[in-house]
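The values are calculated or read from the model by the stated rules, or taken from the named source; none is laboratory data. Given the structure is predicted, the values throughout are model-derived calculations rather than measurements. Cβ coordinates were reconstructed from backbone atoms using ideal geometry, including for glycine residues, and neighbour counts include every protein chain displayed. For accessibility, only protein heavy atoms count, side chains too; no ligands or nucleic acids. Shrake-Rupley method; radii C 1.70, N 1.55, O 1.52, S 1.80 Å.
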Amino acid sequence: MAGLLGMPEWLAGTLFVGAGLVIWFAVGFLALRRAYKRLADRRPSPDRETFLEMLGRDVDRDVAEWVWETVVFYYRAPVVPHPDDHLIDDARIDGDDIDMDWIPRFIAEMGMDPGLWPTAWPGWPQEWGLTVRNLARYLQHGRELLG
């Protein structure tokens, strides 16, 4: 085929792979935009203060602020975190970020002993859904238990 187009085979192969990657990224981008549009249509997007107030019944303000600053990075305007969002399904957050990055960072930023993770830190309660609110409650619980 490359000979018919008058180009070297390596260039034709490179262009073919490149075009495939562009299509793959475009489909992923469009799927993510549609997911955020559905999320925006399904629930309100609270501003930072409203979000903190919504979590204020469950956790201390500094924990709620930490959760906001951590999770808001994963959203695309005009959609922002809501306490009832599912971290993986709604926010599209990789589960490894939560276990491997967030909890050790929370421990360090709250001035706790870094050696608490993963050995002493409590496990995620099986009956809790993986929501933003429950993440905040989980962090609060760990801090109260071990802090």
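List of remarks:
- Output for the range 123-145, where each listed residue is more than 18 Å from the chain's Cα centre (by Cα), open to solvent by 20 Å² or more (accessible area, probe 1.4 Å) and not charged (D, E, K, R): Gly123, Pro125, Gln126, His141, Leu145
- Unique match (being farther than 30 Å from Arg143 by Cβ, of a type outside the set (Lys, Arg) and either surrounded by 14 or more Cβ atoms within 10 Å (Cβ to Cβ) or at pLDDT 85 or above (or both)) among Ala19, Ala35, Ala26: Ala35
- Tally of residues being farther than 20 Å from Tyr138 by Cβ and touching a residue at least 12 places away in the same chain (Cβ under 8 Å) across the range 43-74: 6
- Every pair of residues 6+ apart whose Cβ atoms lie under 8 Å, when the first sits in the range 85-106 and is more than 25 Å from Ala120 (Cα to Cα) and open to solvent by less than 10 Å² (accessible area, probe 1.4 Å) while the second is assigned to a helix (DSSP H, G or I) and modelled with pLDDT of 80 or more: Asp85/Val132; Ala91/Val71; Ala91/Tyr74; Ala91/Val132
- Within the range 113-130, one or more residues are within 26 Å of Arg33 (Cα to Cα), touching a His at 6+ places or on another chain (Cβ under 7 Å) and not acidic (Asp, Glu).
- Scanning the range 47-59 for residues that are touching a helix residue (DSSP H, G or I) at 6+ places or on another chain (Cβ under 9 Å) and open to solvent by 70 Å² or more (accessible area, probe 1.4 Å) yields a total of 2.
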